[in-house]
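Enquirer: Below are the structure tokens for one structure; questions will follow.
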Amino acid sequence: MKNNEIRIKTCPKCGKIYSGVPALSRTDNSTLICPDCGTRESLESIGVKADEQEQILETIHRFMQP
Ligand SMILES: [Zn+2]
């Protein structure tokens, strides 16, 4: 069953190994990056500073824990 396949990918942006749905990079609209980098890019695009981005990601991770 292909649907149950867990795909492990490496993010070209941060080098992190991740599984799940990738995000499309805003920089070239064709590179697939990890969801974290996708969040970082969208936060950056609205003017959120790097340290604030990490704080927001931390919060997102906390909520996504099973
Ligand atoms: Zn990444």
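Enquirer: Give the residues of region 27-43 that are surrounded by fewer than 14 Cβ atoms within 10 Å (Cβ to Cβ) and among the charged types (D, E, K, R), sorted by residue number.
Expert: Looking only at region 27-43, we keep the residues that are surrounded by fewer than 14 Cβ atoms within 10 Å (Cβ to Cβ), and these are 27-30, 42.
Hit for region 27-43 is Asp28, nothing else.
Enquirer: Any chance you could count how many residues in region 24-51 are closer than 15 Å to His61 by Cβ and either within 9 Å of the ligand (Cβ to nearest atom) or over 14 Å from the mean Cα position of the chain (by Cα) (or both)?
Expert: Step one: list which residues in region 24-51 are closer than 15 Å to His61 by Cβ, which gives 34-40, 43.
Checking which are either within 9 Å of the ligand (Cβ to nearest atom) or over 14 Å from the mean Cα position of the chain (by Cα) (or both) leaves us with 34-38, 40.
Going through region 24-51 one residue at a time, the tally reaches 6.
Enquirer: Just to be sure I understand, how many residues within region 44-66 are of a type in the set (D, E, K, R) and assigned to a loop (DSSP other than H, G, I, E, B)? Steps first, answer last, please.
Expert: Step one: of region 44-66, the residues of a type in the set (D, E, K, R) are 44, 49, 51-52, 54, 58, 62.
Checking the rest, the ones that are also assigned to a loop (DSSP other than H, G, I, E, B) come to 49.
Looking only at that region, the number is 1.
Enquirer: Another one. Go through region 1-26 and report how many residues are among the hydrophobic types (A, V, I, L, M, F, W, C) and surrounded by fewer than 12 Cβ atoms within 10 Å (Cβ to Cβ). Give the derivation first.
Expert: Residues of region 1-26 among the hydrophobic types (A, V, I, L, M, F, W, C): 1, 6, 8, 11, 14, 17, 21, 23-24.
Applying the additional criterion that residues be surrounded by fewer than 12 Cβ atoms within 10 Å (Cβ to Cβ) yields 1, 6, 8, 17, 21.
Within region 1-26, residues that are among the hydrophobic types (A, V, I, L, M, F, W, C) and surrounded by fewer than 12 Cβ atoms within 10 Å (Cβ to Cβ) number 5.
Rule-based calculations on the coordinates, nothing more; no lab input. Here the structure is a predicted model, which means the values were calculated and not measured. Heads up, the Cβs are rebuilt from the backbone with ideal geometry, glycines too, and the neighbour counts pull from every protein chain shown.
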